[in-house]
Amino acid sequence: MVSGVTLKIQPDAEGLAQTAADFISAQVREKPDLSILVATGNTPMPAYAELARRVQAGEVDFSRATAVQLDEYLGVTDDDPRSLWDWMRRSFVKPLGITRTVRLKSPAQFEAAVAELSGLDLAILGLGPNGHLGFNEPPSPPDASTRTLELTPASLESNAAYWGELAVPTGAITAGMDLILAARQTLLLVTGAHKRDILHAALDGPETPEVPASFLRRTALTVIADGAAWT
Ligand code: GLP
């Protein structure tokens, strides 16, 4: 693996949640007005719940931080259960007492808002089973900008697991690779045997637009994975 990447393997979901919460807490202690790009998806949820517990206990304070939306489906309203904005608010913004947010509505609005924050301090990311970051679907080069796009069949399939009977919207908007890779720190959270091959491709394979996550090695990257995802 490329040097410069910090890899922390945890035995289980609980260990991953604690380790990720430690990492994120340390960042906000160091810089209380941290700007944080926030992934939804299943993987970070235990870590967010642990952060919420710590906030409740007065152990860490996110009141000056800004939560920045990573990705969204096109055409969903706020009250649609598939809204990723609402998922981010329920799981991260409200439980952590965050009052400042940047919503991803259009590329121009988003880029201006991130520029106003002087960029992203921390990107919390999950790993798509096809190597995507946010909705930067393969192929995505490192300079891919914030944009709308059509989801790949692989992402329609993997995202179907979230919504039961509801169809996965086919269009999406994502923070660009350019902004993600410019984050001062990146934290990639990965669990499960089904992510094993793509995690190895991302960390050990060639840097390629076919595996957008492979470009994370250019950043100050910390990966926290469970044993099933890294064996
Ligand atoms: C989804 C989202 C990503 C998320 C990734 C992994 O498609 N667009 O933002 O990080 O895939 O999701 P999960 O953590 O549920 O595996």
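Only the coordinates and a few stated rules stand behind these numbers; no lab work does. In this text, all values refer to a predicted model and were calculated from it rather than measured experimentally. Reconstructed Cβ throughout: ideal geometry from the backbone, glycine too, with neighbour counts over all protein chains shown.
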Legend entry - In the chain, lysine pairs closer than 24 Å at Cα, eight or more apart or cross-chain: 4
Legend entry - Point-charge dipole on Cβ atoms (K/R +1, D/E -1) for region 6-230, about Cα centre, debye to 20: 520
Inset, instruction - Select from Ile124, His200, Pro212 the residue farthest towards the positive end of the dipole of the chain; place +1 on Cβ of Lys and Arg, -1 on Cβ of Asp and Glu, and compute about the Cα centre. - result: Ile124
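Summing +1 for each Lys or Arg and -1 for each Asp or Glu, what net charge is found among the other residues whose Cβ lies under 11 Å from the Cβ of His132?
Working: positive: none; negative: Asp71, Glu137, Glu210.
After counting each charged neighbour, the total is -3.
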Inset, instruction - List the relative contact order of the chain as a percent without decimals, with contacts defined as Cα pairs under 8 Å and 6+ residues apart. - result: 26
Inset, instruction - Counting helices only, and only those DSSP H runs with n ≥ 4, report the 222 nm mean residue ellipticity of the chain as the sum of -39,500 (n - 2.57) divided by its residues, in deg cm²/dmol to the nearest 500. - result: -9000 deg cm²/dmol
Inset, instruction - Note down the net charge around Gln56, summing +1 for each Lys or Arg and -1 for each Asp or Glu among other residues with Cβ under 15 Å from its Cβ. - result: 0
Inset, instruction - Whole Å is fine, so just give me how far the alpha carbon centre of region 115-129 lies from that of region 1-77. - result: 11
Inset, instruction - Within region 1-87, report the trypsin sites (Lys or Arg not before Pro) that DSSP leaves as loop and that have at most 14 other Cβ atoms within 10 Å. - result: Arg64
Inset, instruction - Output the DSSP H helices from the chain with an along-axis C-alpha extent of no less than 20 Å and a mean Kyte-Doolittle hydropathy no less than -0.5. - result: 13-30
